[in-house]
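*Asks:* Below is a structure I'd like to ask you about.
The values are calculated or read from the model by the stated rules, or taken from the named source; none is laboratory data. Every value quoted in this text rests on a predicted model; they were computed, and no experiment measured them. FYI the Cβ positions are ideal-geometry reconstructions off the backbone, even for glycines, and counts take in every protein chain you see. When the accessible area is computed, the model is the full protein with side chains, heavy atoms only, and any ligands, DNA or RNA have been set aside. Shrake-Rupley method; radii C 1.70, N 1.55, O 1.52, S 1.80 Å.
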Amino acid sequence: MSSPVLPLTWHLARSSGRRGLQSQLLAAGAAAVGAFVLLVMIAACVGSSTRADRTTWRAPAAAPAGAATAVQALTTTYVRHQPVTMVSLARLPGRGDTPAPPGLRAFPHAGEVYVSPALAALIHNLPAAQLADRLPKPARGASYGTIGAAGLASPDELVAVIGRAPSDPAVSPAAEGGNFYDEGQTARARIAGFSGSGASMFAGSDRQAAPLGAVLLVMPVVVLAAAAGRLGAARREQRLAALRLAGATPRQILAMTAAEAAAVGTAGALTGALAYVALLPALAEIPYGVGTWYTRELWVGLPWLAAVVAGVTVLLTVSAVSMLRQVATSPLGVAQQADPRRTGMIRLVLFAAALGYIMLSSHGKMTNRQMIVLLCLFYGAFWLFGPWVVDRLGRIAGRFARRPATLLAARRLSDDPRGAWRTVSGLVLAGFVAGFFSVSQLDIGFDRHSDQVALSTETAAEARHMAPEVRTLLDRAGIKAEVTTVDGDIDTVLLGGAGVVARVSGGPSQVDAAVTALAPAGKGLFPISQACPRPTTRSPTASPRSASPPWS
């Protein structure tokens, strides 16, 4: 064949008619969707890691006793079911200066309060008794300072940085809680700077969950991109088989197919990449975990952009070329639609073995890496098992067929089960992912105690001693509540622990007001209330004590 490959490929693509053009547009569209979704998933992983890193300053590594210049205490309270992170800082006298925390221009003096923009808006919109009274009052004529983006994980994050005196109870050893509800949310350390030792519980759990979600979604996207390369495969096989019989070499046939698929894949992948860049501001408004995003957090960078475009193009090209193996070796068989492609029982055996290994390995706590490996193994086994199921279904349907159309459809399934499976596998895997996320969001049956506010104590005697103070504080705030002491009662927000429980009347606003009223009795810790009726699902690998609890 003397004609150059590229001109002939272009001529055949142009002369393929409307059906050929439709196949090429569909393939380009599938490549665009695949590239766009891949970039969004990568952006979520990169962005969640970036914003988790921006919270590490809130849990700084403790400095040696002689080098410490300040004390930092972290506690969390809730308003309207949202966590509010309170960072208290106090200079140690005669110990020198401490650098400013991220997002602040200077280390806060005693009495100074800095809040995130979202928290400032919430303080403005809610009555003082529900939130503002939990913070020190700014000096007359002054206002709260603003925490910059460098100290926040999200524009929606509710954070306050409070300057304290060294003698303030909020920075005393008693301010570091050790009960179930405070674990992972309270910390106290003597510090010399803000080199963090770990991300906040909320942003850290988002960072752990993002790669798992990406792995769950990546296989349907890969299948979609691979299927795009096979669009119009039957028509292309017939056309190229005729060229092969006319004298074209196998290398020329494969080169023509690769050139056409690469051009379509590149155009589609570039369109998806451009759509990702254009939609970055809109994507940043989609909340995940701790809230919406700063736009720059979702920018993956040019290397990732180029890698995704190249990867989708290569995947589409390889998928198209792999379909022409029989055209290159036996063009007459393709023209006659010979050689049915059956599947063996080995696929069922491999699937059962992989499933058994996954079930045995999934007991106990797993790391994210182990879970990702098991998911990849499941996807691989599922991919092998699918054609075997389609083959058997085709044989069963053919055996009981009563009409010619049913018999023909059944024979087509059993003659090429791999091709039929590739057509529907993306939807099947997408359905599996949707089912996984739906099940993970189910209510797992926590008792609802949304009207309770509690203070935890070590013993029942301490609870009885604290109860009169609790009643006095609630009466002074005009809050109607039934105050009792508990020890071992699991039907309360304390889940069997000792403490004082106030059952508040009047709904969520009164519960918030009760938390504010009882804050002075907490010795630096805020009272406990059940923030929402069900737990927030963060990471399937997180243990119950480290996961985000449904209480505040």
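*Asks:* Looking at region 114-131, which of its residues are outside any loop (DSSP other than H, G, I, E, B) and surrounded by fewer than 18 Cβ atoms within 10 Å (Cβ to Cβ)?
*Replies:* Result: Pro117, Ala121, His124, Asn125, Ala128.
*Asks:* On the given criteria, is Ala106 assigned to a helix (DSSP H, G or I), among the aliphatic types (A, V, I, L, M) and within 28 Å of Arg51 (Cα to Cα)?
*Replies:* No: the conditions fail for Ala106.
*Asks:* I need the full set of residues from region 393-415 which are open to solvent by less than 50 Å² (accessible area, probe 1.4 Å) and outside any helix (DSSP H, G or I), in order please.
*Replies:* The one that is open to solvent by less than 50 Å² (accessible area, probe 1.4 Å) and outside any helix (DSSP H, G or I): Ala401.
*Asks:* Can you run down the residue pairs with Cβ atoms below 6 Å, 6 or more apart or on separate chains, where the first is in region 286-301 and part of a loop (DSSP other than H, G, I, E, B) and the partner is open to solvent by 70 Å² or more (accessible area, probe 1.4 Å)?
*Replies:* These pairs meet every condition: Thr292/Glu285.
*Asks:* Sticking with this one: Specify the residue that is nearest to Gly196 (Cα to Cα); the eligible residues are those in region 79-105 that are over 34 Å from the mean Cα position of the chain (by Cα) and among the aliphatic types (A, V, I, L, M).
*Replies:* Among residues in region 79-105 that are over 34 Å from the mean Cα position of the chain (by Cα) and among the aliphatic types (A, V, I, L, M), the one nearest to Gly196 (Cα to Cα) is Ala90.
*Asks:* Residues of region 84-96 being at pLDDT 85 or above and either open to solvent by 10 Å² or more (accessible area, probe 1.4 Å) or in contact with a Cys (Cβ under 8 Å, 6 or more places away or on another chain) (or both), which ones?
*Replies:* Thr85, Arg91, Leu92, Pro93
*Asks:* Please count how many residues of region 113-147 are farther than 20 Å from Ala100 by Cα and polar (S, T, N, Q).
*Replies:* Selection size over region 113-147: 2.
*Asks:* Within region 54-68, how many residues turn out to be open to solvent by 10 Å² or more (accessible area, probe 1.4 Å) and either farther than 24 Å from Phe526 by Cα or outside any loop (DSSP other than H, G, I, E, B) (or both)?
*Replies:* 8
*Asks:* With the condition kept exactly as written, say whether any residue in region 322-329 is at pLDDT below 70, within 30 Å of Ala209 (Cβ to Cβ), part of a helix (DSSP H, G or I) and among the charged types (D, E, K, R).
*Replies:* No - not one qualifying residue is present in region 322-329.
*Asks:* Within 39 Å of the chain's Cα centre (by Cα) and within 22 Å of Pro127 (Cβ to Cβ): is that true of Gly496 in this structure?
*Replies:* The answer is no for Gly496.
*Asks:* Also, I was wondering about something else. Name every residue in region 69-83 that is open to solvent by 20 Å² or more (accessible area, probe 1.4 Å) and assigned to a loop (DSSP other than H, G, I, E, B), in order of residue number.
*Replies:* Across region 69-83, the qualifying residues are Arg80, His81.
*Asks:* Could you list all residues from region 345-365 that are at pLDDT 70 or above and in a loop (DSSP other than H, G, I, E, B)?
*Replies:* If the condition is that a residue be at pLDDT 70 or above and in a loop (DSSP other than H, G, I, E, B), then Met345 is the only one that fits.
*Asks:* Considering only region 474-518, state which residues are farther than 19 Å from Ala128 by Cβ, charged (D, E, K, R) and not in a strand (DSSP E or B).
*Replies:* If the condition is that a residue be farther than 19 Å from Ala128 by Cβ, charged (D, E, K, R) and not in a strand (DSSP E or B), then Lys480, Asp487, Asp489, Asp491 are the ones that fit.
*Asks:* What number goes with the only condition from (1) aliphatic (A, V, I, L, M); (2) open to solvent by 40 Å² or more (accessible area, probe 1.4 Å); (3) modelled with pLDDT under 65 that Leu243 does not pass?
*Replies:* Failing condition for Leu243: (2).
*Asks:* OK, next. May I ask you to say which residue of Arg418, Arg464 is within 30 Å of Cys376 (Cα to Cα), in a helix (DSSP H, G or I), touching a Ser or Thr at 6+ places or on another chain (Cβ under 8 Å) and at pLDDT 70 or above?
*Replies:* Criteria check complete, one pass: Arg418.
*Asks:* How about region 148-194: which of its residues are of a type in the set (Gly, Ala, Ser), modelled with pLDDT of 75 or more, part of a helix (DSSP H, G or I) and open to solvent by 50 Å² or more (accessible area, probe 1.4 Å)?
*Replies:* Ala150
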